[in-house]
Amino acid sequence: MEAEVREPGDALAAPAGWRPLATHPVGAIIAHYAERSFVAGDPTGQGIRVRYAWRAMSPDEACVVTAAEPAALAARAWFGARAEGPPGHAHGGSMAAVLDEAMGLAVWLAHRAAVAAHLETDFRRPIPLGTTVTAETTVGPAEGTGKARATARLVGDDGTVFAEGSALFVLLGPRHTFAGGGA
Ligand SMILES: CCCCCCCCCCCCCC(=O)SCCNC(=O)CCNC(=O)[C@H](O)C(C)(C)COP(=O)(O)OP(=O)(O)OC[C@H]1O[C@@H](n2cnc3c(N)ncnc32)[C@H](O)[C@@H]1OP(=O)(O)O
């Protein structure tokens, strides 16, 4: 039987100073993926609910950028009963999935479409089910033949750092095969 958990109410709204992702120039494209995403694709379900937000990058954090309007990305994420791992708490895989997708989208916005090649996660504190956290991201400059590093952390509204992630993303080009589709 699923545990009873607190609904997020309006806690998934964009943090102060951030705008909903759909208002970004590439937001419509990303929304297409969001409907099917393992992480953000079930906005009313009892697993993970994720809502993304963006803001313009300030000059001191801007990296080498190819996108028309580079942006920083954050997410609000809620962990429901179907995200359970340890009793009453979020599964580590659900936390890593939120970190992975938030970092991936941050790279999409700062550079271009990318996939994770290497991902690391540190779990600092267990997340009680029913908690809404903010995924904060940073993205580095493009490197080598087309890759970028990103970091993210899941932070509670009281400042508790629940998890930290870092990842290497390969920026997609014509030689890659992630054009969508599937059986
Ligand atoms: C609201 C919105 C929601 C919407 C959400 C939807 C969007 C979500 C989007 C985000 C979703 C979330 C994200 C996801 O979950 S993405 C899904 C999980 N990821 C994958 O499935 C990727 C599978 N892997 C591959 O396809 C290939 O291996 C890739 C494409 C990654 C590399 O391909 P390819 O083999 O052709 O590349 P390359 O060999 O030329 O390497 C290029 C450079 O990279 C370096 N390198 C490579 N691998 C590694 C490694 N493991 N460690 C360290 N370094 C590595 C390499 O040395 C080289 O460096 P340099 O020579 O430049 O120095």
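Each residue in segment 25-54 was checked for being assigned to a loop (DSSP other than H, G, I, E, B), modelled with pLDDT of 85 or more and within 12 Å of the ligand (Cβ to nearest atom), and 8 of them qualify. For segment 86-106, indicate whether the set of residues that are surrounded by fewer than 21 Cβ atoms within 10 Å (Cβ to Cβ), at positive phi, of a type outside the set (Lys, Arg) and modelled with pLDDT under 95 is non-empty. For segment 86-106, residues surrounded by fewer than 21 Cβ atoms within 10 Å (Cβ to Cβ), at positive phi, of a type outside the set (Lys, Arg) and modelled with pLDDT under 95: absent. Among the residues of segment 137-152, not one is within 18 Å of the chain's Cα centre (by Cα) and either without any contact (Cβ under 8 Å) to a residue 12 or more places away in the chain or more than 16 Å from the ligand (Cβ to nearest atom) (or both).
Given the criteria acidic (Asp, Glu) and modelled with pLDDT under 95, does Glu143 qualify? Answer is yes for this residue.
The values are calculated or read from the model by the stated rules, or taken from the named source; none is laboratory data. Quantities reported herein were computed from a predicted structural model and do not represent experimental measurements. Every residue, glycine among them, receives a Cβ derived from its backbone with ideal geometry; neighbour counts consider all protein chains shown.
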